Amino acid sequence: MNQYRQKYSLAQSGELAHRKSIPPSKLMVGHDFSQEFKDQPALDPHGDARQLVRLVQCRSCSKPLSAPVTLPCGHTTCRACLAPTRPRDNISYPNTPDRQYGITCKICDEEYPTVECSADVTLTKVMEVVKQTIARVQDTPEAPVCVLEEIPVSEDDVHDSNDEKELTSYQGHRKEFRGGRLHATFQMASDGELRYNSDVQYRASPSDAQIHAHLDAELFNGLREAAHSELDCLVCYNMMLDPTTLPCGHTFCRHCLVRVMDHSSICPICRAGIHIPPIAIQNYPSNGRLVALLKSLSPEHVQARVEALESEEDNSEGALSTPLFVCTLSLPNTPTFLHIFEPRYRLMMRRCMEGNRRFGMVMYNRSSAPQGDLGPTSFLQYGTMLEIINLELLPDGRSFVETRGVSRFRIKAYGQLDGYYVGNVERVDDVPIIEEEQLERQEVLEAQAWADAYVLENPQDPRTPENFPGLLSTDELFRRCIGFVEQMSQRSAPWLSSRIVNVYGPPPDNHKTFPFWFASVLPIAEEEKYRLLATTRVRERLLIVYSWIKRIEGQRWPSGNSCSIL
Amino acid sequence: MALPKRIIKETERLMNEPVPGISAVPHEDNLRYFDVTIDGPSQSPYEGGLFKLELFLPDDYPMTPPKIRFLTKIYHPNIDRLGRICLDVLKSNWSPALQIRTILLSIQALLGAPNPDDPLANDVAQKWKEDQNAAIETARQWTQEHAKP
């Protein structure tokens, strides 16, 4: 395993710069993104007609995108405008035919194997409906004429293109169309007479401009409606949020994709393998064109979507705010190590890392015994709040998590969230010291009185601290427990080996926490250790621990065998 | 917990544009639980039968597949005594791009094309392989007996 991880990190430091592991704060997507969308102004179909048309223009040929291909860098061009394929030298693995040739993105100069340069399915469909919708208003002879003049934006653009001669002819280039600005601009682009970077100056009489504005608004609404159904994510059925296009050409919301990859690494639509490590999906480039289209076509939908997602995440912080991990017994002040592989718990860990890094650990209810008001739940009602100290995300989405017990709790109510349990929990704490003292006094005196009465009836069988631990003071209980640990340590008990002490530390010189430490190192049934979680008094815990010690000694002494397993 | 948008949309579409021969109606008190009926496909031993199923959308649907079971007794090599269905898309081949509608269509298709080589009900599959005509006759009888509309 270690070897594998090392290899992976080597790969990271190399060319896969964009696939670097991500800081915990980035583990949950959606937040940085939502900021970007706050207060995004809508594009005005009349005033911003040029900008709107640019959204669907190819950067290479300047015509409306035809058979668009979105490369893994998130840049889009027409299929015909892709750079020619070139052999990828010095690459021998994986040696499949579809990876031997590469295409270089004309925008960012990154090279990708041909297999990762597929038709952008969503954009292709969007372009289809855009062209259809515009074709429907093709001939509007009654509409007033709109005069367009192309204005190249800057000298840089002129030098960018190699043929300056041709460009000079673009200076002051004019066209006339019947219809609104949006329609006319699109038409000009379709005819190949409007460069991607150029601006447009419109001329029309004020009364005509009014009619144009009306036509533009109408067309824009038509486009919006037509494109709307193509812009839904096929996983959540909502309008795409941060659309992310896989190398196979299918697009999903980024957060949907992240959740899909908790479960499998194939595209939900075409089942092509996704050869992107799950953790890298968070940093995988968005589909720039779709992001821009969504922003301008329906900023209010995008906004609503961002808010809905936020409130969805917030809802989980309502009454049932504690995620519950049903797995094992954890104890306060002691570490628990977890290997997260189940999809639902991957999601839980991501949410925890984004939030307060805490979750509740509860044991399975093996006997199906009723759990207080909860009834016979599949987990036990007392648990331990764990805090994530370290989370190591593996490239395939699993993770190793190091946690430490923070406090104990009892579950008051529970529900489910995306496959895992969540609960409303109440902290379990010890009673105040003053009460602890009073109860010790009361209990020891009662025990003494009971022992005295007992010996009167059974003179041959006196009750001593050895057979009746209730007689012992709290401190004496603690001393005896510590004494037992020291004794066992001298006998080199395997459960006190240096390896274990390294993990759990030496026995704490603390009456309050010692029982938890002892329980975490002692190899006895977890159900027995579980009794500690419900305790609210130090003395109560020490009595439980002492009863284990007596049982162990009882098992060991009669045999007198130094080779005992404990 | 609020019902995810996806389930609401799927339900609406199932109600407004039902698939011929298939119905799925959510329970009023639990919108994740559906009463399903599927007509036996024509030219199959299940023709003329109306099969009842129950369908439940688990909490992490659509990341995990819906849980579906036949309630009507059926003689089919890929459906066992308890009504459980052996169908790849309900298990390992599930994809979140599938939906209730497509899954129910797959089940209907499974009725039209039993696959005794991947059996769930071993005894039925055995019969199907040994004497297909007799097995089909039994399936027809069961349909008459248990799946009357």
What are the residues in segment A:234-249 that are more than 9 Å from chain B (Cβ to nearest Cβ), assigned to a loop (DSSP other than H, G, I, E, B) and touching a helix residue (DSSP H, G or I) at 6+ places or on another chain (Cβ under 8 Å), if any?
A:Met240, A:Leu241, A:Asp242, A:Leu246, A:Pro247, A:Gly249
Tally, over segment B:67-77, of residues that are within 20 Å of A:Gly419 (Cα to Cα) and buried (at least 20 other Cβ atoms within 10 Å of the Cβ)
1
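Would a scan of segment B:90-100 turn up a residue that is over 18 Å from B:Tyr61 (Cα atoms) and surrounded by fewer than 21 Cβ atoms within 10 Å (Cβ to Cβ)? So that I can check it myself, show each step before the final result.
Let us first name the residues in segment B:90-100 that are over 18 Å from B:Tyr61 (Cα atoms), namely none.
No; the residues of segment B:90-100 include none that is over 18 Å from B:Tyr61 (Cα atoms) and surrounded by fewer than 21 Cβ atoms within 10 Å (Cβ to Cβ).
Going through A:Gly419, A:Gly405, A:Gly372, A:Gly397 one at a time, which residue ends up being of a type in the set (Gly, Ala, Ser), outside the structural domain of A:Pro507 (by the TED database) and under 14 Å from the mean Cα position of the chain (by Cα)? Even if it seems obvious, please write down each step before you answer.
On the way: A:Gly419 fails: under 14 Å from the mean Cα position of the chain (by Cα); A:Gly405 fails: under 14 Å from the mean Cα position of the chain (by Cα); A:Gly372 fails: under 14 Å from the mean Cα position of the chain (by Cα).
Only one candidate qualifies: A:Gly397.
Among the listed residues A:Leu223, A:Leu215, which satisfies the condition of being open to solvent by less than 30 Å² (accessible area, probe 1.4 Å) and closer than 17 Å to A:Gln132 by Cα? Explain how you work it out, then say what you get.
On the way: A:Leu215 fails: open to solvent by less than 30 Å² (accessible area, probe 1.4 Å).
Testing whether each residue is open to solvent by less than 30 Å² (accessible area, probe 1.4 Å) and closer than 17 Å to A:Gln132 by Cα leaves just A:Leu223.
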Out of curiosity, is B:Tyr61 open to solvent by less than 20 Å² (accessible area, probe 1.4 Å), aromatic (Phe, Trp, Tyr) and within 24 Å of A:Tyr237 (Cα to Cα)?
yes
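Yes or no, residue by residue, for (1) in contact with a Lys or Arg (Cβ under 8 Å, 6 or more places away or on another chain); (2) on the phi < 0 side of the Ramachandran plot; (3) in a loop (DSSP other than H, G, I, E, B); (4) more than 14 Å from chain B (Cβ to nearest Cβ):
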| position | (1), (2), (3), (4) |
| --- | --- |
| A:Asn356 | no, yes, yes, yes |
| A:Leu380 | no, yes, no, yes |
| A:Phe400 | no, yes, no, yes |
| A:Arg404 | no, yes, no, yes |
| A:Gly415 | no, yes, no, no |
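Of the residues B:Gly49, B:Gly40, which single one is more than 23 Å from A:Cys236 (Cα to Cα), more than 14 Å from chain A (Cβ to nearest Cβ) and touching a strand residue (DSSP E or B) at 6+ places or on another chain (Cβ under 7 Å)?
Going through B:Gly49, B:Gly40 in turn, the sole match is B:Gly40.
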I'm trying to understand the selection: among the residues of segment B:92-132, which are free of Cβ contacts under 8 Å to residues at least 40 places away in the same chain, touching a Pro at 6+ places or on another chain (Cβ under 8 Å) and in a loop (DSSP other than H, G, I, E, B)?
B:Trp94, B:Ser95, B:Pro96, B:Ala97, B:Leu98, B:Pro114, B:Asn115, B:Pro116
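Going by what's in this entry, would A:Arg289 be described as away from chain B (no Cβ under 12 Å) and at pLDDT 80 or above?
So A:Arg289 passes the test.
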Which numbered condition B:Phe51 misses (of (1) at pLDDT below 90; (2) part of a strand (DSSP E or B))
(1)
Working only within segment B:12-32, note down all residues that are within 17 Å of the chain's Cα centre (by Cα) and within 14 Å of chain A (Cβ to nearest Cβ).
B:Leu14, B:Arg32
Looking at B:Thr138, B:Thr143, B:Thr102 in this structure, which one is of a type outside the set (A, V, I, L, M) and in contact with a Gly (Cβ under 6 Å, 6 or more places away or on another chain)?
B:Thr143
When you scan segment B:21-58, how many residues do you find that are surrounded by 22 or more Cβ atoms within 10 Å (Cβ to Cβ) and of a type in the set (Ser, Thr, Tyr)?
1
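The values are calculated or read from the model by the stated rules, or taken from the named source; none is laboratory data. Note that this is a predicted model, so its numbers are computed, not measured. When we count neighbours, we look across all protein chains shown, and the Cβ atoms used for this are built from the backbone with ideal geometry, even at glycine. What goes into the accessible areas is simple: the full protein's heavy atoms, side chains included, and nothing from ligands, DNA or RNA. Shrake-Rupley method; radii C 1.70, N 1.55, O 1.52, S 1.80 Å.
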